[in-house]
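The values are calculated or read from the model by the stated rules, or taken from the named source; none is laboratory data. As the structure is a prediction and not an experimental result, all values here were calculated from the model. As a convention, Cβ positions derive from the backbone with ideal geometry for all residues, glycine included, and neighbour counts pool all protein chains shown. Calculation scope for accessible area: heavy atoms of the full protein, side chains included, ligands and nucleic acids excluded. Shrake-Rupley method; radii C 1.70, N 1.55, O 1.52, S 1.80 Å.
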Amino acid sequence: DMKKALALYEAAANAGGFKAQYRLGVLYSDGGAVTRDNAKARHYLSLAAVNGDKEAAARLAALDQPDRAPSDFEQAESLSSRGQHAKAAEIFKRLADAGNVTAQTRLAWMYEAGRGVERSLPEAARLFMASAVAGDAEAQYAVAVMYRTGKGQSLDREQSLIWLKRAAGQNYPAAMAAMAAEGASNY
């Protein structure tokens, strides 16, 4: 139900959720699942970019170059936003195998959710850890959560805090919010 999904994304985006902001920007810039609206795309991508989302900043810059062919990463994101997860996973896997750490993190999320690939928490954990070690803040945050919850990694609050601090050190919004909400010593 796209109407319901948009309402949920908009609520999350308006509450400061940079991933929802990014996703709305992608949806409105693609025009596949919703009517293309560059003004809304710019608005949501700008919000996400201000919150430190590098892909949002790149996507925002691409809006100013309408004749530019989308990158493979952008194509995979567009496919995913239109529900074509298997095709998106194929592209993310190819990019990850070629060393694209952000694509590897996206693929990890797909394994975690079972979107376009068979659900596999061990594979998600492996990919998140590889991306986290390579310095991807989003993956570092995911690893922190896994250690915190004991899902995908063994329960280890000390390791969770180490990875959370690494992600927060790169100004990853969710990690910074977790640090602020819990207090570093209480996390």
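Quick one: in region 131-145, which of the residues that are among the hydrophobic types (A, V, I, L, M, F, W, C) and in contact (Cβ under 8 Å) with a residue 24 or more places away in the chain is nearest to A56 (Cα to Cα)? Once the filter is applied, the top-ranked residue is A137. Note on region 126-144: residues that are surrounded by fewer than 20 Cβ atoms within 10 Å (Cβ to Cβ) and either on the phi > 0 side of the Ramachandran plot or assigned to a helix (DSSP H, G or I) (or both) total 5. I'm checking my understanding of the structure. Among residues of region 152-163 that are closer than 19 Å to E112 by Cβ and out of contact with any Asp or Glu (no Cβ under 9 Å at 6 or more places or on another chain), which one is least open to solvent (accessible area, probe 1.4 Å)? Within region 152-163, the match that is least open to solvent (accessible area, probe 1.4 Å) is S160. Checked against (1) open to solvent by less than 40 Å² (accessible area, probe 1.4 Å); (2) part of a helix (DSSP H, G or I), E112 passes all but a single condition, namely (1). Being open to solvent by 60 Å² or more (accessible area, probe 1.4 Å), touching a helix residue (DSSP H, G or I) at 6+ places or on another chain (Cβ under 9 Å) and in a helix (DSSP H, G or I) is a property that R68 lacks. For the residues R82, R94, R119, the requirement of being surrounded by fewer than 19 Cβ atoms within 10 Å (Cβ to Cβ), at pLDDT below 90, of a type in the set (D, E, K, R) and out of contact with any Leu (no Cβ under 6 Å at 6 or more places or on another chain) singles out R82. With respect to the stated conditions, S120 is farther than 30 Å from G31 by Cβ and free of Cβ contacts under 8 Å to residues at least 12 places away in the same chain. Contact map, region 146-174: residues that are in a helix (DSSP H, G or I) paired with residues that are β-branched (V, I, T), Cβ distance under 7 Å, separation 6+ or inter-chain. Pairs shown: W163/V143.
Remark: pairs (first residue in region 1-15, surrounded by 12 or more Cβ atoms within 10 Å (Cβ to Cβ); second residue of a type in the set (V, I, T) and at pLDDT below 85; Cβ separation under 9 Å; 6+ apart in sequence or on different chains) = L6/V34.
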